[in-house]
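Some notes on the structure that comes next.
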Amino acid sequence: LIYLERIVKNYSYDKIAVEASILMGYLLVDRQAGIDKAIDILEGVIGTGTKEQDCEALYWLAKAYITKQELRKALSILKRIYTYYTEFADWRDTAKLDAAKIFVYYNHREIAKKLYEEIIKMRGPEDPASQQAREEMEFFKL
């Protein structure tokens, strides 16, 4: 993290700084250490890089809010990803999987089921994301 912070500080106007910021945000979220710092970093990088970098930063921002149990904020971000970043199939469908779990938590089971079915339809039955969607549908009895 120290080296990533140095990269961001020394190359703040370079695309490498955007990648370093996203990686820092991811690491802080993944380690569940410094979630508020991760949120600040990720919010600060959105809109400064490519569309794909924005999508990735948004995803890790949503995961940070999930960690903080701020599920409505997380859901809003996840919906933004699968609605506006459709060309990035892996991010789109990973966002749908996470959003579906939140919808189940809020007892919006039909919306969750629809998201799972969309993943299976778009990716095909043998795709790992489709298999995960089917497993979660079975687990949640959708």
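The values are calculated or read from the model by the stated rules, or taken from the named source; none is laboratory data. Everything numeric here is computed off the predicted structure, so don't read it as measured data. Cβ atoms come from the backbone with ideal geometry, glycine included; neighbour counts cover every protein chain shown. For the accessible areas, the whole protein counts, side chains as well, though only heavy atoms, and no ligand, DNA or RNA atoms are used. Shrake-Rupley method; radii C 1.70, N 1.55, O 1.52, S 1.80 Å.
Scanning region 27-40 for residues that are in a loop (DSSP other than H, G, I, E, B) and open to solvent by 80 Å² or more (accessible area, probe 1.4 Å) turns up 31, 32.
Going through (1) at pLDDT 95 or above; (2) over 25 Å from residue 15 (Cβ atoms) one by one, residue 33 falls short only on (1). Summed over region 84-108, the residues that are polar (S, T, N, Q) and under 16 Å from residue 63 (Cα atoms) give a count of 1. Being more than 16 Å from the chain's Cα centre (by Cα) and of a type in the set (Ser, Thr, Tyr) is a property that residue 83 lacks.
Yes or no, residue by residue, for (1) assigned to a helix (DSSP H, G or I); (2) touching a residue at least 12 places away in the same chain (Cβ under 8 Å); (3) within 14 Å of residue 102 (Cβ to Cβ):
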position: 21; (1), (2), (3): yes, yes, no
position: 24; (1), (2), (3): yes, yes, no
position: 42; (1), (2), (3): yes, yes, no
position: 56; (1), (2), (3): yes, yes, no
position: 69; (1), (2), (3): no, no, yes
position: 72; (1), (2), (3): yes, no, yes
position: 75; (1), (2), (3): yes, yes, yes
position: 78; (1), (2), (3): yes, yes, yes
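Considering region 80-89, and only residues there that are touching a residue at least 12 places away in the same chain (Cβ under 8 Å) and in a helix (DSSP H, G or I), the residue that is most open to solvent (accessible area, probe 1.4 Å) turns out to be 80. The residue that is farthest from residue 54 (Cα to Cα), among those in region 10-26 that are at pLDDT below 65 and open to solvent by 80 Å² or more (accessible area, probe 1.4 Å), is 10. For region 91-142, a residue qualifies if it is open to solvent by 80 Å² or more (accessible area, probe 1.4 Å) and not in a helix (DSSP H, G or I), and the qualifying residues are 107, 108, 126, 141. The conditions of being of a type in the set (Val, Ile, Thr) and over 15 Å from the mean Cα position of the chain (by Cα) are met by residue 48.
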